[in-house]
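Taking it in order: structure first as structure tokens, then the write-up.
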Amino acid sequence: MLLVAICCLGSDRMLRAETAEPIAPVPTQQSLEPGRIALGRVLFEDRRLSSNGTMACASCHMLDRGGADGQRLSTGLDGRPLAANTPTVFNSAFNYLRNWAGNVETLETLIDRVMQSPTLMNERWPNVVARLSADSSLARQFAAAYSEGMTAASLRDALATYIRSLTTPNSRFDRWLRGDETALTAEEQEGYALFRRYGCVSCHQGRNIGANVRQALGIVGQPGAYFTERGSLTEADLGRFQVTGDAADRFVFRVPSLRNVALTAPYLHDGSVATLEEAVSIMFIYQLGRTADEPDLRRIVQFLGTLTGEIPQAGGRATPAR
Amino acid sequence: MDSQMAHPGPLPQAAAPQAGRMPLRRIGQLVRPAWIAAILFVCLGLGLTILALRGGADAGFGRAEEFLGELEQTDAQWTASILSVQLGLSQNYDVVAAPVYAMWAGRDALREASAPLPLSREERARLVDLERRLTGAATEKAELAGRIASQRAVLSNSTRFLPAATADLLNGLADPAVAAETAAEVRDRVVRIAGGVATSLFQQGAERRTDVDADIEELGRLTASLPGLVAERAQVFAQHAALIISRRQLGDELLTRLEAVPTRRLLEELRSTYAQARAGLAQGQRGYRLAAIGLAVLLVALIAYLGWELRRNYHQIARSNQQLQHDNVETQALLVQSAKMSALGQMVAGIAHEINTPLAYLKATLSLLQELLQNSLREAGSERRLGEMLREPAKDGSEPTLFGDIETLLSDGLHGAERISELVRSLRNFSRLDQTQQGLYPVVELIDGALTMSTYQLKHVADVDRAYEQVPNIRCSPSQISQVLLNLISNAAHAMSGRDRRGLIRIAVSREDEGHVRVDVRDNGTGIPPEVLPRIFDPFFTMKKVGEGTGLGLSICYRIVSNHGGKLLVRSELGVGTTFSLILPTDMGAAPASGARASKAGTAVNA
């Protein structure tokens, strides 16, 4: 009976982690085909996917730079800076909205868009297929992994499978959610409590601690107040309005995922914020409409540091430092 | 002896002259329906299978409807999730962001499942249109769900914060720098604004609309001149109050728009379209099903008919079989009778010849006597002188007197008559025709009778040697056993005929064992070749020339002996002779052989 009770308690805590909490941990297991992941990795790092052979996915999404490149704005295919800060590729599998505009589209559709974007790959699938089919070793591997061999669909699927495999499980916070009370320090736990009390968690929630809801940057006060104060308004600052043309979507962006946020500086869509502390205080001013005192801010930033999970690498995953 | 006596008449035709084999005609009669039946069976079976498969073709619909059900469930759950978020029951917005992808996946699965369905062009066009509209509706729903979540997040935060903001502001009003009057007015405004917020939060529908803009504006004006902190707090308070009210209104609008999203209606229309198509198919299939049922009935009828045919044929065969068996018995009896008639014919001929001899002898004797008396009377001149002459010796001095001569002649004549009498007696024995009448008879008598009847046949051919032991009577039908013996003797005679020297027939009677008597008929004729020996008892098997015999004799004999519970054995050696051994029971139910066999001295059959 005792055993049953303990089990119930344990599972209850797990359940708490999964359902009662607004944040859910990253699953530790995935069921993806290893052969296809390997092929996807090859493609991810392959410059032949771009029209001029200079760009690969990995050019901007580097595994050792938190899945982005640490730049404010990455350089595009044409050598010019891109319109918005590069989001991390990590945990894409749990994003329900894509890109800063927060599009409702599948990962496969996103890959297609990136492929065809003039500033990114600027390429079409048939050319890629033709180019890569000439690579007999790669063609053979594709024939082994896919019944149809190397086609646009199988190339896309391989890429998507690989990208989905780039998850960062077992962050300290996740472990705490799963019931490991020692995974977080007292200050960090307090930081989470503040994160909730102040209402950060209202938007940064879900399995990915964000990326499932959109919000205007500058809720409180005049619309666009943040940009007015920052100065030099750009097209990109209009956010989702660029996609929908709906006035209500002005300055509306996808709420970014806070997983691994400690690794993905600089912050915000324009990459204008260099530190977490600054980002958090901007959030307070423009999103929460309140001020936070220093100790609280520090606690919250400490908490944010616990959201870093095991980083995927070529050889496996690296456990996050304490 | 030839057997040219006419048969009593041709054998009556039995139902099947070749007993035991069905004529091809009748086999054909039975086989042809079997072929037709087999082909019909296969055709009906195939037809039934095809119709059953076509009749059951709505398996595809089942799968499509399954996917449709999943879509309906996803949509219903989505609506429930959105409402629960709006009510603040759910803080994890994954549940409102994820379902749109499930809707798309479900739509794709449904499309795939619908592809192989037998739909009319209109039905398929309708499905495509509905699918397109469903996609649009799902996208719209996702948009609304996103905005509802977004608005809810802000509402939650501001609602949670407002009490604290209110408290901050009111506390700030305690600042001595603030005029009491102003403070009171500010408080007043705060209360009104708070009231507006409360109305917005807790009232339903139309009553939710509040207009606190004026109050907020007034508050701003009032506090603009107050110390910075108070003004700041007032601004914060006003901002959040405004946020609450605006988001609340937005939420209402979004919910209204959400209710208008037709996903559920479109899914219902999809369901009814599938149902209609399925019903239409069922209608069309009804014909197939009826046909299938019809075929099934035909099949059953065919099986029943075949079964009845089978029974009929079986009965026919049984009847034919019975008839054949009856005819066989009849034929046997007739054959036996015919053989007997034939034997009888032979025998009668023989007897006729037999009787002729002593009859001629008698006639001759009497004629001589007559001549002698007449001569003597002439010589005597008178009857008185004739009487004296009777006793006078012969002129030539030979012993016999006239009386003696007369005596001799009379005696010879009597002897001849006696012979005739014997023959007639044998005949009478044989004429005891009742086959089933059995009795105890001395076998020696029967043998002698048979020999007598065969005297003519044997006269020029063979001598007869008899070796009879003392044996008990046998239980038999005398006519039948006589027939057998006659046959054996006749065969022996035939075997020894056509040779320049006389043969020898040896007939030995001995005791076989406790209940049996043995009769051996041995001849020293040509013998029977060993390859032929096994077949001599076969019916219609004969060594004789055509017309000389039917070949039925030995088979009849074998049958007769078997019926008596006896045995008929044969041993033969080419060029040496043949021995037929007849073993007959002395009494029915006699004790089996004790092992001690009676001595067969003098009856050694080893050639």
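The values are calculated or read from the model by the stated rules, or taken from the named source; none is laboratory data. Every value quoted in this text rests on a predicted model; they were computed, and no experiment measured them. Here Cβ is always computed from backbone atoms with ideal geometry, including for glycine, and neighbour counts include all displayed protein chains. When the accessible area is computed, the model is the full protein with side chains, heavy atoms only, and any ligands, DNA or RNA have been set aside. Shrake-Rupley method; radii C 1.70, N 1.55, O 1.52, S 1.80 Å.
General observations
- Distance between the modelled labels on B:D538 and B:Q322, one decimal in nanometres: 3.3 nm (7 Å Cα→Cβ projection).
- Modelled spin labels at B:A179 and B:Q77, positioned 7 Å past Cα toward Cβ, are 6.3 nm from each other.
- Counts of other chain beta carbons within 10 angstrom of each beta carbon in peptide A:200-209 average 5.
- Those residues of region A:79-105 for which accessible area with every protein chain present is at least 50 Å² below the isolated value (1.4 Å probe): A:Y96, A:V104
- Residues whose amide H lies under 5 Å from that of A:I23, counting only those 5 or more places away or on a different chain, are A:G206; hydrogens are built 1.01 Å from N in the peptide plane.
- The length gained by stretching the chain between B:N313 and B:K363 to full extension, at 0.36 nm per residue less their Cα-Cα distance, is 10.9 nm.
- Debye intensity ratio I(q)/I(0), log10, region A:107-233, q values 0.23 Å⁻¹ (C-alpha model): -1.31
- Average other protein chain Cβ within 10 Å of Cβ, residues B:152-164: 5
- Shielded residues, region B:68-93 - accessible-area loss of 40 Å² or more between chain alone and all protein chains, probe 1.4 Å: B:Q91, B:N92, B:Y93
- Shown is the FRET efficiency for A:D78 and B:F41, computed with R0 = 60 Å from the Cβ-Cβ distance and rounded to the nearest 0.05: 0.15.
- A versus B: buried accessible surface, summed, Å² (probe 1.4 Å, to nearest 100): 2300 Å²
- Amide H within-cut-off set for B:D587, under 5 Å, with H built and near neighbours excluded: B:R475
- Approximate spin-label separation A:R124-A:E235, in nm, with each point projected 7 Å along Cα-to-Cβ: 2.3 nm
- With R₀ fixed at 45 Å, the C-beta to C-beta distance from B:T408 to B:L440 puts the FRET efficiency at about 0.60.
- Residues whose amide H comes within less than 5 Å of that of B:Y468, counting only those at least five positions distant or on another chain, are B:V509 (H built at 1.01 Å from N in the peptide plane).
- Per residue, the protein assembly as shown exposes an accessible area of 52 Å² to a 1.4 Å probe, with every protein chain left in place.
- Region B:35-100 - percent of accessible surface contributed by carbon and sulfur, probe 1.4 Å: 69 percent
- Here the relative contact order of region B:198-259, from alpha carbon pairs under 8 Å that lie six or more residues apart, stands at 37 percent.
- Ligands, DNA and RNA aside, B:L290 has an accessible area near 110 Å² when probed at 1.4 Å.
- Shielded by partner chains, region A:274-304 residues - at least 20 Å² of accessible area, 1.4 Å probe, vs chain alone: A:L288, A:G289, A:R290
- A:T119, A:T264, reordered so the largest accessible area comes first (probe 1.4 Å): A:T119, A:T264
- For the listed peptides A:98-105, A:22-29, a ranking on the average number of other beta carbons within 10 Å per residue, highest first, reads A:98-105, A:22-29.
- Carbon-plus-sulfur accessible fraction, region B:305-392 (probe radius 1.4 Å, protein heavy atoms only): 58%.
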